[in-house]
Amino acid sequence: MKINPYLNFDGKAEEAFLFYQPIFGGKFLGGIRYFHSMEGMDQLSESERNRVMHVKWEIGTDLLIMAGDTLPSAGHIWKPDNHNYISLNLDSIEEGEDLFQALSDQGNIEMEYQKTFWGAYFRCFEDRFGIDWMINYYLNNGKE
């Protein structure tokens, strides 16, 4: 089984994924698809027609993150307080620091990098797009 996060944005999916992609690498499978490319979407306002219907981003061989924008005219409501986290388990403290520096620009820090009771260095924060991240580096491969 693979679990693939699916993120919703309020008109910021393209901007967010174009921000994330250079940080992590990988590629967009099938490109970024917009509502205007779907049949029967002529009645949408121009701002909704230009929203992302679907994007699929492959990072390495084991991670696939997908996303799309909400469609307000169809009753989709994006709520910034519906928190989901993307949890990153990393290979070094330094890798965690580098990713934090890149992702947290203009975001909100919830917890600074610190040693935890579960034998890891951990921090969490919200990025400028309202996506919550957890950065976790296990000491001694989690066997402390």
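Could you grab the pairs with beta carbons closer than 6 Å, sequence gap of 6+ or different chains, first residue in region 99-111 and at positive phi, second one among the charged types (D, E, K, R) and surrounded by 11 or more Cβ atoms within 10 Å (Cβ to Cβ)?
Here the result reads 106/128, each pair linking region 99-111 to a residue that is among the charged types (D, E, K, R) and surrounded by 11 or more Cβ atoms within 10 Å (Cβ to Cβ).
Can you list residue pairs whose Cβ atoms sit under 9 Å apart, with the first residue in region 117-138 being more than 18 Å from residue 6 (Cβ to Cβ) and the second being at pLDDT below 90 and among the basic types (Lys, Arg)? Count only pairs 6 or more apart in sequence or on different chains.
Pairs that qualify, where the first residue is more than 18 Å from residue 6 (Cβ to Cβ) and the partner is at pLDDT below 90 and among the basic types (Lys, Arg), are 119/143; 121/115; 122/115.
Which residue out of 78, 133, 118 is in contact with a Ser or Thr (Cβ under 7 Å, 6 or more places away or on another chain) and either surrounded by 13 or more Cβ atoms within 10 Å (Cβ to Cβ) or not in a strand (DSSP E or B) (or both)? Before the answer, list the steps.
Values: 133 fails: in contact with a Ser or Thr (Cβ under 7 Å, 6 or more places away or on another chain); 118 fails: in contact with a Ser or Thr (Cβ under 7 Å, 6 or more places away or on another chain).
On inspection, the qualifying residue turns out to be 78.
Within region 21-33, identify whether any single residue is among the polar types (S, T, N, Q), at pLDDT below 90 and open to solvent by 40 Å² or more (accessible area, probe 1.4 Å), and answer yes or no.
Here is the first cut: in region 21-33, the ones among the polar types (S, T, N, Q) are 21.
If we keep only those that are at pLDDT below 90 too, we end up with none.
No, because not a single residue in region 21-33 is among the polar types (S, T, N, Q), at pLDDT below 90 and open to solvent by 40 Å² or more (accessible area, probe 1.4 Å).
Just for region 89-120: of the residues that are closer than 21 Å to residue 65 by Cα and among the small types (Gly, Ala, Ser), which one is farthest from the chain's Cα centre (by Cα)?
Within region 89-120, the match that is farthest from the chain's Cα centre (by Cα) is 96.
Only residues that are in a loop (DSSP other than H, G, I, E, B) and more than 17 Å from the chain's Cα centre (by Cα): list them for region 62-75, please.
71, 75
Restricting the search to region 34-57, which residues are touching a Leu at 6+ places or on another chain (Cβ under 8 Å), farther than 15 Å from residue 129 by Cβ and open to solvent by less than 60 Å² (accessible area, probe 1.4 Å)? Before the answer, list the steps.
Keep residues of region 34-57 that are touching a Leu at 6+ places or on another chain (Cβ under 8 Å), which gives 35-36, 44, 48, 51, 56-57.
Then drop every residue that is not farther than 15 Å from residue 129 by Cβ, which leaves 35-36, 44, 48, 56.
35, 44, 48 - these are the residues of region 34-57 that are touching a Leu at 6+ places or on another chain (Cβ under 8 Å), farther than 15 Å from residue 129 by Cβ and open to solvent by less than 60 Å² (accessible area, probe 1.4 Å).
Can you find a residue that is farther than 30 Å from residue 140 by Cβ and polar (S, T, N, Q) anywhere in region 20-27?
yes
Tell me which residues, restricted to region 100-115, are of a type in the set (A, V, I, L, M) and surrounded by 17 or more Cβ atoms within 10 Å (Cβ to Cβ).
Matches in region 100-115: 103 only.
Filter region 2-55 down to residues that are under 16 Å from residue 70 (Cα atoms) and in a strand (DSSP E or B), then give me how many there are.
Residues that pass the stated criteria total 11.
Looking at 123, 128, which is the one that is assigned to a strand (DSSP E or B), modelled with pLDDT of 85 or more and either under 20 Å from the mean Cα position of the chain (by Cα) or on the phi > 0 side of the Ramachandran plot (or both)?
The unique qualifying residue is 123.
Please specify each residue of region 81-97 satisfying the condition of being surrounded by 13 or more Cβ atoms within 10 Å (Cβ to Cβ) and of a type in the set (D, E, K, R).
95, 97
Can you tell me which residue in region 70-110 is modelled with the highest pLDDT, limited to those that are closer than 12 Å to residue 124 by Cα and hydroxyl-bearing (Ser, Thr, Tyr)?
It comes out as 104.
The values are calculated or read from the model by the stated rules, or taken from the named source; none is laboratory data. Please read all numbers here as calculations on a predicted model, not as lab measurements. Neighbour counts are summed over all protein chains in view; Cβ atoms, including those assigned to glycine, are modelled from backbone coordinates with ideal geometry. Accessible surface is based on the protein model in full, side chains and every heavy atom, while ligands, DNA and RNA are left aside. Shrake-Rupley method; radii C 1.70, N 1.55, O 1.52, S 1.80 Å.
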